[in-house]
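Trainee: One structure, as structure tokens, below. Some questions next.
The values are calculated or read from the model by the stated rules, or taken from the named source; none is laboratory data. In this text the structure is predicted, and so the values were computed from the model without any measurement. Here the Cβ positions follow ideal geometry from the backbone for every residue, glycine too, while neighbour counts run over all protein chains shown.
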């Protein structure tokens with residue numbers, strides 16, 4: 001098991017390293033940050049001075065020692081979660097990210113819970129009553145979940161429930177009811193995904209020999225479903241749910257922009273509009289890191305649940 | 001191998017009998033297929049013939065037609081009490097955009113110069129001010145905030161969506177298939193490198209990185225490329241789409257390469273290139289087609305998200321995503337501006353999803369049970 005986890009850990013770290021390289025190249029490829037920080041009338045001396053402060057006078061990669069190159073400095077600082085100063089804000093990128101992180105985590109959790117409390121029962125129902133109205137409703141939900149553009153769903157929800165009926169606020173993060181629409185927008189896709197997974201896992205399990213045995217020896221129908229079938233059917237969706245959580249947290253940019261939710265997604269969006277590349281770099285790195293950490297934890301959980309992985 | 005073929009045949013048989021016994025469900029499948037093929041056909045025709053089908057110029061509108069509602073939406077009126085010959089208003093005259101904008105006590109008063117004068121209304125009259133005129137067949141789906149016909153813009157937007165989807169699938173699919181073939185067939189370090197790359201692309205926050213890339217790439221100047229921005233978006237997206245092809249194709253190749261016919265081809269002296277292109281590629285083609293159709297909907301959604309966030313297809317060119325964004329500020333007064341292009345997106349993506357599912361079932365009966 002430790003070999004397996006060690007291998008995954010090394011792979012994750014390597015992935016993060018390559019992502020940092022990509023992020024670095026993207027930011028450098030977008031142009032000289034000085035052209036955004038200084039106005040057109042800055043004299044060459046000032047230009048040089050800012051360049052030296054930011055380390056722009058150093059080579060990108062080819063330097064000795066290697067950590068004295070621009071990429072090296074970026075990497076060393078990123079490892080300490082220091083992404084420099086934001087261009088569009090007097091604070092540092094880390095401060096900005098820390099300030100916005102809770103909102104994103106809360107929204108991700110809300111969407112996660114939403115996707116489970118709707119998706120899982122619907123999946124179980126439609127697997128138990130195949131081709132019934134529940135099953136067809138489930139299929140429709142799954143189809144809509146895959147096909148609905150998330151930003152449009154959000155806007156339609158705002159139009160109906162915030163502007164027409166005025167049940168919930170149209171945007172921002174205030175009371176508990178301001179969570180409802182963004183969470184639905186963000187979680188909608190995963191309602192469908194959870195439903196499909198649970199349904200197919202349940203169908204597979206219900207078709208197995210040990211369920212037939214349980215039925216034959218006279219276990220009550222609810223007992224078969226809840227004790228025998230569901231527990232075994234939950235393993236594949238459970239791992240997927242871990243991945244879902246990562247995707248929900250890092251995929252919040254659309255929902256946050258539509259609802260002006262003060263999280264990392266909105267921060268990334270405004271940073272992009274203002275060409276604030278240090279902030280963008282920081283957010284992409286933090287998101288990728290979080291995604292990898294969550295996946296790593298899921299791997300541990302999975303190995304814990306499923307002995308076949310632990311001993312391979 | 002014989003075992004695999006046997007179970008495959010068994011499952012085909014099982015699903016055939018299941019289909020016969022559930023003719024109602026079968027009818028439903030038929031209907032969804034008909035429905036999605038109709039939408040797809042309409043979409044392709046629209047995209048190809050946009051310049052002949054669109055009633056108006058999608059880029060130019062008359063501000064007089066700002067936010068005109070769709071044909072079936074009625075007028076929005078507000079009742080006002082006339083005091084001393086004038087409505088309760090601080091102005092001495094009601095200024096209106098159109099001559100027909102005011103109805104007094106049920107009968108329309110024709111106005112000169114868009115204003116209402118003292119002679120036309122008496123004190124105590126109930127005045128019905130038309131805040132927004134009713135829709136007309138002039139603009140079937142209404143007009144946006146710049147007075148542009150939404151139907152025409154949706155028709156032209158179909159072209160954008162389909163071009164992006166086609167280019168992305170062809171480019172990303174080719175790269176992914178090639179890398180998947182190499183990775184599956186060679187194994188070893190090539191496999192390791194390619195699969196690590198796949199992992200990396202899967203770990204990236206997709207929308208965000210695509211967004212940054214689209215903005216960065218948008219600044220490149222490419223000479224002699226028609227519709228440059230559309231192709232650029234497609235290239236950015238294919239960077240993320242190849243991964244899905246590579247994974248599936250690799251898995252398929254891992255199974256295929258142990259087959260006897262591949263070994264025989266090698267013994268007969270076929271070159272690696274020949275084995276890859278002539279013996280393995282046709283074998284994975286089904287998978288490529290299935291992944292390709294299913295990814296079309298993903299690509300269209302991604303493009304619309306980028307356009308919605310303002311990093312996709314730039315404003316004057318109509319793209320469905322940016323059209324939805326246009327209507328955000330007028331939701332309360334003109335809901336149709338956001339709704340109509342979103343519906344077009346929803347129907348299109350749904351059609352591609354249904355067709356993708358259907359093709360998967362048709363080409364690969366083994367997958368049918370997993371649904």
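Trainee: Quick check on this structure: which one of A:267, A:245 is under 16 Å from the mean Cα position of the chain (by Cα), at pLDDT 80 or above, more than 23 Å from residue A:84 (Cα to Cα) and assigned to a helix (DSSP H, G or I)?
Mentor: A:245
Trainee: Within the range B:304-313, identify whether any single residue is on the phi > 0 side of the Ramachandran plot and not in a helix (DSSP H, G or I), and answer yes or no.
Mentor: Within the range B:304-313, one or more residues are on the phi > 0 side of the Ramachandran plot and not in a helix (DSSP H, G or I).
Trainee: Right, next: Can you report the number of residues in the range B:312-324 which are surrounded by fewer than 24 Cβ atoms within 10 Å (Cβ to Cβ) and in contact (Cβ under 8 Å) with a residue 60 or more places away in the chain?
Mentor: Number satisfying all stated conditions: 3.
Trainee: Would you confirm whether any residue within the range B:112-133 is under 36 Å from the mean Cα position of the chain (by Cα) and modelled with pLDDT of 80 or more?
Mentor: Within the range B:112-133, not a single residue is under 36 Å from the mean Cα position of the chain (by Cα) and modelled with pLDDT of 80 or more.
Trainee: Another one. Quick check, is residue A:66 more than 14 Å from chain B (Cβ to nearest Cβ) and more than 22 Å from residue A:252 (Cα to Cα)?
Mentor: Taking the combined requirement at face value, the residue satisfies it.
Trainee: Out of all the residues in the range A:148-167, which are out of contact with any helix residue (DSSP H, G or I) (no Cβ under 8 Å at 6 or more places or on another chain), farther than 16 Å from residue A:188 by Cβ and more than 7 Å from chain B (Cβ to nearest Cβ)?
Mentor: A:164, A:165, A:166 - these are the residues of the range A:148-167 that are out of contact with any helix residue (DSSP H, G or I) (no Cβ under 8 Å at 6 or more places or on another chain), farther than 16 Å from residue A:188 by Cβ and more than 7 Å from chain B (Cβ to nearest Cβ).
Trainee: Additional query: Can you pull out the residues in the range A:210-231 that are under 18 Å from residue A:198 (Cβ atoms) and surrounded by fewer than 16 Cβ atoms within 10 Å (Cβ to Cβ)?
Mentor: A:222, A:226, A:227, A:231
Trainee: Here is a follow-up. Take the range B:4-62 and flag every residue that is within 12 Å of another protein chain (Cβ to nearest Cβ) and either outside any helix (DSSP H, G or I) or at pLDDT 50 or above (or both).
Mentor: Within the range B:4-62, B:22, B:25, B:26, B:28, B:29, B:32, B:35, B:36, B:39 qualify.
Trainee: Still on this structure, I have one more. Consider residue B:241 carefully, then state whether it is at pLDDT 90 or above and under 21 Å from the mean Cα position of the chain (by Cα).
Mentor: Spelling it out, residue B:241 is indeed at pLDDT 90 or above and under 21 Å from the mean Cα position of the chain (by Cα).
Trainee: Among the residues of the range A:291-309, are any modelled with pLDDT of 80 or more, within 14 Å of another protein chain (Cβ to nearest Cβ), touching a helix residue (DSSP H, G or I) at 6+ places or on another chain (Cβ under 8 Å) and under 23 Å from residue A:171 (Cα atoms)?
Mentor: Checked the range A:291-309: no residue is modelled with pLDDT of 80 or more, within 14 Å of another protein chain (Cβ to nearest Cβ), touching a helix residue (DSSP H, G or I) at 6+ places or on another chain (Cβ under 8 Å) and under 23 Å from residue A:171 (Cα atoms).
Trainee: Tell me, which residue of the range A:168-183 that is buried (at least 20 other Cβ atoms within 10 Å of the Cβ) and assigned to a helix (DSSP H, G or I) is farthest from the other protein chains (Cβ to nearest Cβ)?
Mentor: Among those residues, the one meeting the criterion is A:183.
Trainee: In the range A:119-144, what residues are surrounded by fewer than 23 Cβ atoms within 10 Å (Cβ to Cβ) and within 12 Å of another protein chain (Cβ to nearest Cβ)?
Mentor: Result: A:130, A:131, A:132, A:135, A:136, A:139, A:140, A:143, A:144.
Trainee: Working only within the range B:325-340, note down all residues that are buried (at least 20 other Cβ atoms within 10 Å of the Cβ), part of a helix (DSSP H, G or I) and more than 8 Å from chain A (Cβ to nearest Cβ).
Mentor: B:326, B:336, B:337, B:340, listed by residue number.
Trainee: May I ask you to verify whether residue B:349 is in contact (Cβ under 8 Å) with a residue 24 or more places away in the chain, within 13 Å of the chain's Cα centre (by Cα), within 8 Å of another protein chain (Cβ to nearest Cβ) and within 27 Å of residue A:197 (Cα to Cα)?
Mentor: In short, yes.
Trainee: Return only the number of the condition from (1) more than 10 Å from every other protein chain (Cβ to nearest Cβ); (2) buried (at least 20 other Cβ atoms within 10 Å of the Cβ); (3) within 24 Å of residue A:146 (Cα to Cα); (4) at pLDDT below 90 that residue B:296 does not satisfy.
Mentor: Of everything listed in (1) more than 10 Å from every other protein chain (Cβ to nearest Cβ); (2) buried (at least 20 other Cβ atoms within 10 Å of the Cβ); (3) within 24 Å of residue A:146 (Cα to Cα); (4) at pLDDT below 90, residue B:296 misses just condition (4).
Trainee: Determine, yes or no, whether residue B:343 is at the interface with chain A (Cβ under 10 Å from one of its Cβ atoms) and out of contact with any helix residue (DSSP H, G or I) (no Cβ under 8 Å at 6 or more places or on another chain).
Mentor: yes
Trainee: May I ask you to verify whether residue A:224 is more than 27 Å from residue B:342 (Cβ to Cβ), out of contact with any strand residue (DSSP E or B) (no Cβ under 8 Å at 6 or more places or on another chain), away from every other protein chain (no Cβ under 14 Å) and not in a helix (DSSP H, G or I)?
Mentor: The answer is no for residue A:224.
Trainee: Taking helices (runs of 4 or more DSSP H) that fall entirely within the range B:192-285, which contain at least 3 residues that are touching a residue at least 40 places away in the same chain (Cβ under 8 Å) and away from chain A (no Cβ under 14 Å)?
Mentor: Where helices (runs of 4 or more DSSP H) fall fully within the range B:192-285 and carry at least 3 residues being touching a residue at least 40 places away in the same chain (Cβ under 8 Å) and away from chain A (no Cβ under 14 Å), they are B:228-256.
Trainee: Filter the range A:22-53 down to residues that are exposed (fewer than 15 other Cβ atoms within 10 Å of the Cβ) and closer than 16 Å to residue A:69 by Cα and give me whichever is nearest to the other protein chains (Cβ to nearest Cβ).
Mentor: Step by step, filter the range A:22-53, then rank; the result is A:25.
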